[in-house]
Amino acid sequence: MIVHRYNIVNGKYSEATIPNGWKVVTNAEDDTTINCIHCGQQISFKESFESKRYKDEHGRSYRECSICYNNFLPLTKFQ
Ligand SMILES: [Zn+2]
């Protein structure tokens with residue numbers, strides 16, 4: 001599965017490959033178990049965060065676990 005990942009160094013999106021077994025979503029109607037799009041850890045959708053770096057082809061954000069989200073957050077301030 002191909003997704004778009006933001007490159008903080010050059011400010012552009014490039015394609016990244018996500019393992020086929022991972023369930024990654026941009027939205028969910030019910031709370032469901034998904035994989036963090038960055039590290040793959042299983043998390044509940046309700047506890048996931050809107051990714052600031054991974055998007056689908058329509059510009060919708062995928063979901064990250066709290067650790068990945070919080071690790072990346074400081075980097076976005078240097079854009
Ligand atoms: Zn993660």
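Things to note:
- Ranking ASN35, THR17, SER48 by how far each Cα lies toward the positive end of the dipole of the chain (charges on Cβ) leaves THR17 at the top.
- Once the GluC sites (Glu not before Pro) in DSSP loops with at most 14 neighbouring Cβ atoms within 10 Å are cut out of the chain, the longest remaining piece is 1-28.
- Whole-Hz ³J(HN,Hα) from phi, Karplus 6.51 cos²θ - 1.76 cosθ + 1.60, for the range 29-46, glycine and proline x: 6, 10, 5, 9, 7, 10, 9, 4, 6, 8, 10, x, 4, 6, 9, 8, 4, 4
- Split the chain at each of the trypsin sites (Lys or Arg not before Pro) in a DSSP loop with at most 16 other beta carbon atoms within 10 Å, and the longest piece is 24-59.
- Exposure proxy for ILE67, ILE34: other Cβ atoms within 10 Å of each Cβ, ordered fewest to most, give ILE67, ILE34.
- Annotation: amide H of SER51 within the under-5 Å range of TYR62, ARG63, GLU64, sequence separation 5 or more or interchain, hydrogens built in the peptide plane.
- The charge dipole of the chain, taken about the Cα centre with unit charges on the Cβ atoms of Lys, Arg (+1) and Asp, Glu (-1), comes to about 360 debye, rounded to the nearest 20.
- Local net charge near GLU57, Cβ-Cβ under 13 Å (Lys/Arg +1, Asp/Glu -1): +1
Bear in mind that the values in this text are calculations on the coordinates, not laboratory data. Predicted model only: the values in this text are computed from it and were never measured. Glycine also receives a Cβ, built like all others from the backbone with ideal geometry; neighbour counts cover every protein chain displayed.
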